Every structure is written in C-alpha cells, then in structure tokens.
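K.L.:
Quick one: the structure is below, and I'll ask about it shortly.
The values are calculated or read from the model by the stated rules, or taken from the named source; none is laboratory data. Just so we're clear, the structure is a prediction, and the values are computed from it rather than from any experiment. Every residue, glycine among them, receives a Cβ derived from its backbone with ideal geometry; neighbour counts consider all protein chains shown.
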Amino acid sequence: MIYHDRPEIAEECGVFGVYGSGEDVARIAFFGLFSLQHRGQESAGIATSDGNIIRMHRDMGLVTQVFQEEALVSLKGHLAIGHTRYSTTGSSVLRNVQPMRCDCSFGEIALAHNGDLINASQVRSEMENDGIEFETTNDSEVIVKLIANSCASTLEDAIAEAMSRIRGAYAVVVMNGDKLIGFRDPYGIRPLSMGKLNGSHYVLASETCALNTIGGDFVREVEPGEMIIIDSNGMRERQAVPKQGQALCVFEYVYFARPDSRMYGKSVHEARRRMGHELAKEHPAPGAHIVIPIPDTGTPAAIGLAEASRIPFAEGVIKNRYIHRTFIQPDQRMRDLGVRMKLSPLREVLAGRRVVMVDDSIVRGTTIGKQIKLMREAGAVEVHVRISSPPYKHPCFYGIDTANQNELIAAKMSVEEIRQYIGADSLGFLSLAGLVRAVGVKKDKLCCACLDGKYPVDISKEAKLSKFVFEEPTHA
C-alpha cells in the first residue's frame with residue numbers, strides 16, 4: 001500500500017458508500033476505507049443508517065486506529081458512507097473530520113466529500129448573511145448546508161440545486177435514512193466509480209481498488225455532473241447539472257491512485273510503467289549501472305525505464321512501511337532524520353555504481369535532495385534523477401495541497417537550477433506530451449493545470465488563497 005507520508009504533495013481524501021440490506025455495511029465501509037487509506041491519513045469516519053437513525057463514528061488517525069471492533073459493531077444499518085481525509089481546506093482537527101451530519105427537512109443527512117470548492121468563501125459568506133451558522137472551517141460544510149437549507153421538495157432536487165451553486169472539484173457521497181447518493185463535478189476532476197457487491201448491492205468509491213478489496217465488481221465511473229441515486233428500488237441516474245467536459249486530474253495516474261486501480265478504463269500501474277518507457281526515450285542515461293525507484297509510486301516507472309533502456313532494475317533503497325503520519329511534533333533534528341526513518345539505502349547495491357534514480361514528481365523539492373545524499377553516502381558514484389511527470393509549476397485549487405505557487409520549486413527555478421539545488425548529476429523530467437502518451441487518454445480529457453497552467457474551471461477571481469481561509473479573522 002502507498003502511504004503519502006512525504007511533505008511533497010498530498011490529496012484531500014477518499015470517499016466510499018454502500019447500500020446493502022442484510023450486509024454488514026459498516027465493516028464493508030471499513031475495508032473500503034482501508035483500501036483508500038493512501039488518499040489521506042489525518043482522520044477517518046463512517047456513518048450508517050438503519051432507516052430511522054444515522055449512527056456515526058469518526059476520529060483523528062488512520063482507519064485502523066479509528067475503528068476498533070466495538071465501534072464497528074455499534075454501526076448498525078443497511079447503508080453506509082465513509083471518508084478518509086487529508087486536509088486542503090480547514091485545519092486537521094476533530095471538528096473538520098468527515099462524514100459531516102446535519103438535520104434538515106429531508107431527515108438527518110450525512111455527507112463525505114473529496115475535492116476543493118473554489119467559490120466556497122463566496123457561497124459561505126452569502127449563507128452567513130442569510131443567518132445560516134457554520135460549525136467547521138472546511139468547504140465541505142458549504143455543500144451540507146446548501147442541501148440542508150434548500151426549499152426543494154426532494155433530497156435529489158436539493159443536491160442538484162447545490163451543485164448548480166458550487167464551483168470547483170467534488171466527488172461526494174451523501175445519505176439520509178433510506179438513500180445513498182453519489183455525485184460528481186461537471187468536469188469530473190476528482191474520481192468516483194460505481195460497483196456492485198454480490199450482484200445486487202451498489203457501492204460507490206473514489207477508486208476501483210476499493211471495489212477489489214471488498215469483492216465487488218466495477219460497473220462504471222460516475223459521469224461529470226451526474227447524480228447516482230440508490231435506494232430500495234435499485235439505482236437511478238440523473239444528469240443533475242450539465243456536463244462541461246472531462247478533466248480527470250492527471251496526477252491520479254502519476255501519484256495519487258493505487259496502482260491496482262483503473263481510471264478511464266486504463267490501468268494505473270501500466271500507465272506508470274509506460275511513463276518509464278517514455279522517460280528512457282526522452283532522457284537516456286548512457287553508462288548507468290542500475291535503475292532504482294523511490295518506493296512506492298516511483299517503482300512502476302523505474303521498471304518501465306529499465307525495460308526500455310536495458311539498464312538493470314534494482315532495489316537500492318528499502319522503505320519502512322510501518323511509518324505513518326504522526327501527530328507528535330518532533331524537534332528539528334528529528335525532522336532532519338525523517339528521510340532516514342523512511343528510506344534505508346542498500347550499500348551493497350549502490351556502492352561504486354552510477355545510479356538512475358526514478359521518482360514520480362518534484363513539487364517543493366524538500367525531500368529529494370536528502371534522498372540523493374543518502375545514496376552518495378552509501379557509495380553511489382553518480383546519481384542521475386529521472387522524474388515521471390513534467391515540472392510542477394502551477395498551484396492546484398481542486399483538491400491538492402499546493403495552492404501556494406511560491407512553494408513550487410519549478411515555478412522559481414529552471415531544470416538546471418533544480419539539478420544543482422538537489423545535487424543530482426543529471427535531471428530529466430518527462431514531457432507533458434510523453435505523459436499523455438503514457439496515460440493513453442487524450443489531453444482534453446485530463447486536467448493538467450498544475451503542469452501547463454490551463455485550468456478547466458476558471459480560478460481567477462474565486463480561488464482561495466489559503467487552506468485556512470475560514471479560520472482567518474473575518475470567519476472567526
């Protein structure tokens with residue numbers, strides 16, 4: 001399993017929903033969230049409904065830390081939603097943990113959201129001026145309160161109304177006492193798939209790997225702007241808002257998604273392997289002795305580069321897979337030891353070798369220089385870095401925690417300057433054209449804004465400047 005525990009780049013969360021009479025839906029949601037743990041490690045939660053009461057358990061920490069047997073047994077019902085979070089709007093504190101619950105004319109509802117709303121501040125201010133109070137500092141509550149305060153006659157109409165007001169990226173699962181509903185933004189920037197369990201029960205999940213884990217079968221992806229309604233009568237589809245296009249985040253293929261997931265029908269693992277093939281063509285490394293990955297997301301690309309270049313693949317570093325996010329704040333010396341805690345170089349493999357080191361991205365540049373230093377200390381005579389994505393130059397406002405362009409090293413330095421800064425003997429980034437070829441999806445179906453600055457949803461006037469926008473004095 002991939003744990004995004006480095007400080008380079010992280011996405012917001014994973015969502016999961018299941019409707020299954022006679023099934024242990026809480027336990028199914030637990031396993032679904034466990035398989036989506038790589039999408040966020042700050043907090044986790046599950047809400048269930050038995051038709052009368054929504055029960056919920058949520059807390060800070062990993063899925064296995066939050067849910068013990070006692071908690072799962074208490075979550076009775078025939079439908080459930082779950083969430084695992086990495087914060088991009090609002091602090092990592094208990095009040096911002098999802099699912100979020102609210103009473104309204106449609107009964108009690110619970111909601112879990114992946115993505116970022118670029119007009120959340122504007123919509124929230126309008127609602128506060130109308131006397132609506134907010135309890136959290138994340139943008140997901142804007143969606144909950146829009147639904148809860150709607151004058152629509154049905155929950156589906158209230159959701160459609162909310163979708164018409166919010167802008168940005170969102171993949172959402174919501175439930176009341178007897179319905180599970182999933183919906184996606186008009187560009188499909190954040191992923192959401194639908195599957196079946198035991199041939200009759202419907203499941204919604206951020207990635208298809210969650211369907212695999214619970215023994216479910218993939219049906220299809222939820223379309224941009226579409227709403228999926230699941231209840232005792234089965235499944236219904238509704239185009240809640242007009243589809244504006246297709247713009248799935250390209251970094252799902254590069255980094256976020258688990259390699260055993262599929263998006264647009266394409267294997268994530270195979271896409272990453274082909275990125276390595278393209279890298280070998282664009283940035284050969286003649287004279288290199290071995291190709292090594294930075295585990296785990298660099299591994300498929302490293303395999304591909306080794307295949308195409310005929311340079312032997314080797315494990316040059318071992319990853320400690322038992323290091324997870326911690327809420328203990330170490331001193332500076334312990335922070336400096338962070339890379340050593342996670343990656344241990346194999347001197348027997350590296351000593352005296354010219355090494356091609358493959359990783360998926362350089363975003364802030366805070367980690368890779370330390371990794372190169374470790375390899376040199378282990379005896380590598382040359383370290384040539386190959387990156388399976390283009391330079392990350394532009395901030396993301398759609399659910400990746402890179403909204404400050406001043407933190408992006410490629411926005412400030414040329415490739416040669418980055419090479420010198422990180423201490424590599426050579427540095428090669430995959431071109432955008434090469435990345436698109438490797439993914440096997442036309443560029444007009446991908447959001448590549450962080451790479452080329454072309455945002456599918458205009459962010460010029462509405463995008464938030466800080467993830468803590470609702471914690472600033474005007475929203476205190």
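K.L.:
Are any residues in the stretch 291-303 in contact with a helix residue (DSSP H, G or I) (Cβ under 7 Å, 6 or more places away or on another chain) and either aliphatic (A, V, I, L, M) or touching a residue at least 60 places away in the same chain (Cβ under 8 Å) (or both), and if so, which ones?
P.N.:
If we filter the stretch 291-303 for residues that are in contact with a helix residue (DSSP H, G or I) (Cβ under 7 Å, 6 or more places away or on another chain), which is where we start, we get 291-294, 297, 300-303.
Scanning the stretch 291-303 gives 291, 292, 293, 294, 297, 301, 302, 303.
K.L.:
Any residue at all in the stretch 300-318 that is more than 23 Å from residue 378 (Cβ to Cβ) and not in a helix (DSSP H, G or I)? If you could, list the steps in order and put the result at the bottom.
P.N.:
Step one: of the stretch 300-318, the residues more than 23 Å from residue 378 (Cβ to Cβ) are 300, 304, 307-308, 310.
Filter once more, keeping what is not in a helix (DSSP H, G or I): 310.
Within the stretch 300-318, one or more residues are more than 23 Å from residue 378 (Cβ to Cβ) and not in a helix (DSSP H, G or I).
K.L.:
Does residue 412 satisfy the condition of being more than 23 Å from residue 299 (Cα to Cα), in contact (Cβ under 8 Å) with a residue 60 or more places away in the chain, among the basic types (Lys, Arg) and surrounded by fewer than 21 Cβ atoms within 10 Å (Cβ to Cβ)? Break it down into steps so the answer makes sense when it comes.
P.N.:
Details: more than 23 Å from residue 299 (Cα to Cα): yes; in contact (Cβ under 8 Å) with a residue 60 or more places away in the chain: no; among the basic types (Lys, Arg): yes; surrounded by fewer than 21 Cβ atoms within 10 Å (Cβ to Cβ): yes.
It is false that residue 412 is more than 23 Å from residue 299 (Cα to Cα), in contact (Cβ under 8 Å) with a residue 60 or more places away in the chain, among the basic types (Lys, Arg) and surrounded by fewer than 21 Cβ atoms within 10 Å (Cβ to Cβ).
K.L.:
In the stretch 209-233, what residues are crowded, with 21+ Cβ neighbours inside 10 Å and at positive phi?
P.N.:
Correct list: 225 only.
K.L.:
Taking residue 254 and the conditions (1) within 25 Å of the chain's Cα centre (by Cα); (2) outside any loop (DSSP other than H, G, I, E, B); (3) modelled with pLDDT under 95, which numbered condition does it fall short on, given that it satisfies the others?
P.N.:
(3) is the only condition that residue 254 fails.
K.L.:
Next question, about the same structure. Can you give me the number of residues within the stretch 32-59 that are surrounded by fewer than 17 Cβ atoms within 10 Å (Cβ to Cβ) and not small (Gly, Ala, Ser)?
P.N.:
Looking only at that region, the number is 4.
Condition check ((1) within 25 Å of residue 392 (Cβ to Cβ); (2) acidic (Asp, Glu); (3) not in a strand (DSSP E or B)) across all residues:
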residue	(1), (2), (3)
218	no, no, no
224	yes, no, yes
238	no, no, no
271	yes, no, yes
284	yes, no, yes
287	no, no, yes
292	yes, no, no
297	yes, no, yes
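K.L.:
Which residues, taken from the stretch 409-436, are basic (Lys, Arg) and either part of a loop (DSSP other than H, G, I, E, B) or closer than 16 Å to residue 360 by Cα (or both)?
P.N.:
419
K.L.:
Does residue 181 fit the bill of being assigned by TED's automatic domain parsing to the domain that holds residue 83, in contact with a Lys or Arg (Cβ under 6 Å, 6 or more places away or on another chain) and within 30 Å of residue 253 (Cα to Cα)?
P.N.:
No: the conditions fail for residue 181.
K.L.:
List every residue pair whose Cβ atoms lie under 6 Å apart, where the two residues are 6 or more positions apart in sequence or sit on different chains, the first residue falls within the stretch 64-86 and is within 16 Å of residue 110 (Cα to Cα), and the second residue, located anywhere, is assigned to a loop (DSSP other than H, G, I, E, B) and hydrophobic (A, V, I, L, M, F, W, C).
P.N.:
Between residues of the stretch 64-86 that are within 16 Å of residue 110 (Cα to Cα) and residues that are assigned to a loop (DSSP other than H, G, I, E, B) and hydrophobic (A, V, I, L, M, F, W, C), the close pairs are 84/36.
K.L.:
Only residues that are assigned to a loop (DSSP other than H, G, I, E, B) and under 15 Å from residue 424 (Cβ atoms): list them for the stretch 372-387, please.
P.N.:
Within the stretch 372-387, 380, 381 qualify.
K.L.:
Which residues, counting only those in the stretch 393-408, are of a type in the set (D, E, K, R), at pLDDT 85 or above and part of a loop (DSSP other than H, G, I, E, B)?
P.N.:
Looking only at the stretch 393-408, we keep the residues that are of a type in the set (D, E, K, R), and these are 393, 401, 407.
Narrowing further to those that are at pLDDT 85 or above: 393, 407.
Listed by number, the list holds a single entry, 393.
K.L.:
If you scan the stretch 234-247, which residues turn out to be buried (at least 17 other Cβ atoms within 10 Å of the Cβ) and either free of Cβ contacts under 8 Å to residues at least 40 places away in the same chain or touching a strand residue (DSSP E or B) at 6+ places or on another chain (Cβ under 6 Å) (or both)?
P.N.:
240, 247
K.L.:
Filter the stretch 276-303 down to residues that are within 20 Å of the chain's Cα centre (by Cα) and surrounded by 22 or more Cβ atoms within 10 Å (Cβ to Cβ), then give me how many there are. Walk me through it before giving the result.
P.N.:
Filtering the stretch 276-303 down to residues within 20 Å of the chain's Cα centre (by Cα) leaves 294-301.
Still in the running and surrounded by 22 or more Cβ atoms within 10 Å (Cβ to Cβ): 294, 297-301.
Of the residues in the stretch 276-303, 6 are within 20 Å of the chain's Cα centre (by Cα) and surrounded by 22 or more Cβ atoms within 10 Å (Cβ to Cβ).
K.L.:
I need the full set of residues from the stretch 257-269 which are part of a loop (DSSP other than H, G, I, E, B), touching a helix residue (DSSP H, G or I) at 6+ places or on another chain (Cβ under 9 Å) and not acidic (Asp, Glu), in order please.
P.N.:
257, 258, 259, 261, 264
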